[in-house]
Amino acid sequence: KTVPSVAAVALLCAGSLTGLVFLQALGWSFLALLLCRSCFEFGPSRRLWRLIPILVCVFPWISSDFPGLSWLFRVSAAAFAVKVFSFLGFDVVREEMGFCVQGLMVHVTPDCSGMNSLQSMMIFGATMAYRLLPESGRYWLVLALLPLVAWLANAMRVVAVTVLAMVTDVEFASGQAHAIVGLVVLLGIFTAFTFSAFNLFRWTRAECADPR
């Protein structure tokens, strides 16, 4: 118990010295789980330590420690939308932080960077993975896929809002409908992801039950 405690304190100190929220979150999560393990019965230790990603993702280290990620999400979302509309046969021209499709200019602003969606997806996705795959090695595979799923949700949101603006008008698509469409897309992709994770869980149980 001494080594993990020292490591947790070292992470907290390193995070304070460097200003990296991720290291502070990681150190705090280690300390919290060490305290829980000493006070409560959690069964196998490996299940307890798998809670670390969930606890770490609660802290806002994604936006604070990786500010360039917002720019990357915006640029790649615009590029993705251009590919989609080009594939569908629309006249589309790429800009650095946006695109023009059928005469409609679309700007992917910082509010559309998807950072909030990324953190939400990481928290809920990690929680769902822990619930469905508590003993499986696929738990870590699901965690690795979460950023990609969050990026896809954000890129699809840009496409969906653009389609809404094309069939209605820019003012309508920029209002409350913008948030509603984004939420629907996010929930849809998260539901599909959850369904896939559930199937992984079923396959894992089937493999464990197979006497071969």
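The values are calculated or read from the model by the stated rules, or taken from the named source; none is laboratory data. Nothing here was measured: the structure is a model prediction, and the numbers come from that model. Methodologically, a virtual Cβ is constructed for each residue, glycine included, from the backbone with ideal geometry; neighbour enumeration extends over all protein chains shown. Protein only, heavy atoms only, side chains kept; ligands, DNA and RNA dropped before computing areas. Shrake-Rupley method; radii C 1.70, N 1.55, O 1.52, S 1.80 Å.
When Ala197, Ala160, Ala177 are checked against the criterion of being at pLDDT 85 or above, out of contact with any Pro (no Cβ under 7 Å at 6 or more places or on another chain), open to solvent by less than 40 Å² (accessible area, probe 1.4 Å) and of a type in the set (Gly, Ala, Ser), a single residue qualifies: Ala160. Return the pair list, or none, for Cβ contacts closer than 6 Å from residues in the range 125-152 that are free of Cβ contacts under 8 Å to residues at least 40 places away in the same chain to residues that are of a type in the set (S, T, N, Q) and in a helix (DSSP H, G or I), at least 6 apart or on different chains. Filtered contacts from the range 125-152: Ala150/Ser117. With respect to the conditions (1) modelled with pLDDT under 90; (2) part of a helix (DSSP H, G or I); (3) closer than 28 Å to Arg138 by Cα, Gly43 lacks only one, and its number is (2).
Of everything listed in (1) hydroxyl-bearing (Ser, Thr, Tyr); (2) open to solvent by less than 50 Å² (accessible area, probe 1.4 Å); (3) at pLDDT 85 or above, the single unmet condition for Thr18 is (2).
All of Ala144, Ala160 fail the test of being part of a helix (DSSP H, G or I) and in contact with a helix residue (DSSP H, G or I) (Cβ under 8 Å, 6 or more places away or on another chain), apart from Ala160. If you go through the range 165-199 and keep only what is of a type in the set (S, T, N, Q), farther than 21 Å from Leu152 by Cβ and not in a loop (DSSP other than H, G, I, E, B), you end up with Ser174, Gln176. From Phe90, Phe99, Phe85, grab the single residue that is crowded, with 17+ Cβ neighbours inside 10 Å, free of Cβ contacts under 8 Å to residues at least 40 places away in the same chain and in contact with a strand residue (DSSP E or B) (Cβ under 9 Å, 6 or more places away or on another chain). Of Phe90, Phe99, Phe85, the one residue that is crowded, with 17+ Cβ neighbours inside 10 Å, free of Cβ contacts under 8 Å to residues at least 40 places away in the same chain and in contact with a strand residue (DSSP E or B) (Cβ under 9 Å, 6 or more places away or on another chain) is Phe99.
Of Ser38, Ser70, Ser63, all but one fail to be in contact with a helix residue (DSSP H, G or I) (Cβ under 6 Å, 6 or more places away or on another chain), open to solvent by 30 Å² or more (accessible area, probe 1.4 Å) and among the polar types (S, T, N, Q); the exception is Ser63. Taken together, the residues in the range 109-129 that are aliphatic (A, V, I, L, M), over 15 Å from Pro67 (Cα atoms), open to solvent by less than 40 Å² (accessible area, probe 1.4 Å) and under 8 Å from the mean Cα position of the chain (by Cα) amount to 2.
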